[in-house]
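The values are calculated or read from the model by the stated rules, or taken from the named source; none is laboratory data. On a predicted model such as this, the values are computed, not experimentally measured, just so you know. Cβ coordinates were reconstructed from backbone atoms using ideal geometry, including for glycine residues, and neighbour counts include every protein chain displayed.
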Amino acid sequence: MTIYEVAQRVGVSIATVSRVVRGHGEVAKETRRRVLEAVEELQFRPSRLGQSLAEGRHAANGIVFPDLSGPYYAEVILGYEEVAAELGSSVLILATHGRADPDRKVLDLARRVDGMAIMGRTVSDGVVAQVAATGMPTVLLARPPVGELDTVTTDSDASARELVAHLLGHGYRRFAYLGDPAESPDVTARYDAFRAALVDAGSPPPRAPLRCAFDVPAGREAGQRALARSPRPQVLVCANDEVALGALAAAQQLGLSVPDDVAIVGWDDVMAARYAGLTTVRQPMRALGATAARWLQDRMVVSRFPVRREVLQTQLVIRESCGQHPVDMEVS
């Protein structure tokens, strides 16, 4: 059944039926009752695409990622798309890594969608503000707040302090950090929290981070550099699990035993980390994407929600790579 059959049954225009179905606009009480009765009798279910075309919308929202490679981003996307699908929206995904003029790409995407989620250090705060100034519903994830936009992030401080307490309790005192905090607000928060926890515990802070990309090959190369230092670090703390898996490979190539010769820890708790026995900080990756999708839908429907800022909790997961032999022991 289409909207035309409903309108014909009641003897009103399709515009009147549309106003009743959407709950917008003035319609006489008796007319509304008759339209709703016809909708029920004919089992009319409005097409979201049709509604979107009638209302000048796109039936899609966009999400901007730094990159699409790696399990971390894949998990966030899964969480986002699952909720978007439940809500009947399609998703346009833009990855800015390696693209010429990402600012223009993001502004172009904003003209093709009904709302936008922006993750990490993909574009500047100025571009984010420019998107929001058009009235585009916008949600930020895994990056600091910009203006009055909804922002969802994950906790780094509490888990970093638990991690440092665990490592110091094992007697470790020489640390190296692998990863480039300047490339990601999320990694900046991880590094700052780790460094502050060491200082607060009275332990010397690590030397400057060994800056590298957030993938396994880069982690292997950075791990080799770190393990060539004298004195050799006792612990390699890695910006994410992929870097940590590369560092594990570097230690094996050098004939070093993990954790007897060097301990290695990561961040995220991707699937491979569990099989590798890697101590890490579990991130609520799917929940991060799902929260952004729900909040964006809220903003697209009702623009006057109070500004929301949420920090999702993380969890330290102790495994073999830092001296704890029972696999997957969790510290809440």
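General remarks:
- Yes/no for D103 being of a type outside the set (A, V, I, L, M) and assigned to a helix (DSSP H, G or I): yes
- Selection of the range 170-207 for residues being polar (S, T, N, Q) and within 22 Å of L248 (Cβ to Cβ) yields only S184.
- Test set (1) out of contact with any strand residue (DSSP E or B) (no Cβ under 9 Å at 6 or more places or on another chain); (2) in a loop (DSSP other than H, G, I, E, B); (3) under 18 Å from R299 (Cβ atoms) - A129 fails condition number: (2)
- Restricted to helices (runs of 4 or more DSSP H) entirely inside the range 174-288, those with at least 3 residues that are crowded, with 24+ Cβ neighbours inside 10 Å and assigned by TED's automatic domain parsing to the domain that holds S321 are 185-200, 216-227, 241-253.
- Unique match (being crowded, with 19+ Cβ neighbours inside 10 Å, in contact (Cβ under 8 Å) with a residue 24 or more places away in the chain and of a type outside the set (F, W, Y)) among L168, L87, L149: L149
- Test: F194 is of a type in the set (F, W, Y) and touching a residue at least 60 places away in the same chain (Cβ under 8 Å): no
- Of residues in the range 196-220 being under 19 Å from V258 (Cβ atoms) and touching a strand residue (DSSP E or B) at 6+ places or on another chain (Cβ under 9 Å), the one modelled with the lowest pLDDT: P206
- Members of the range 132-154 found to be of a type in the set (D, E) and either assigned by TED's automatic domain parsing to the domain that holds R195 or not in a loop (DSSP other than H, G, I, E, B) (or both), listed by number: D150
- Residues being more than 14 Å from the chain's Cα centre (by Cα) and under 15 Å from D298 (Cβ atoms) - total across the range 139-153: 2
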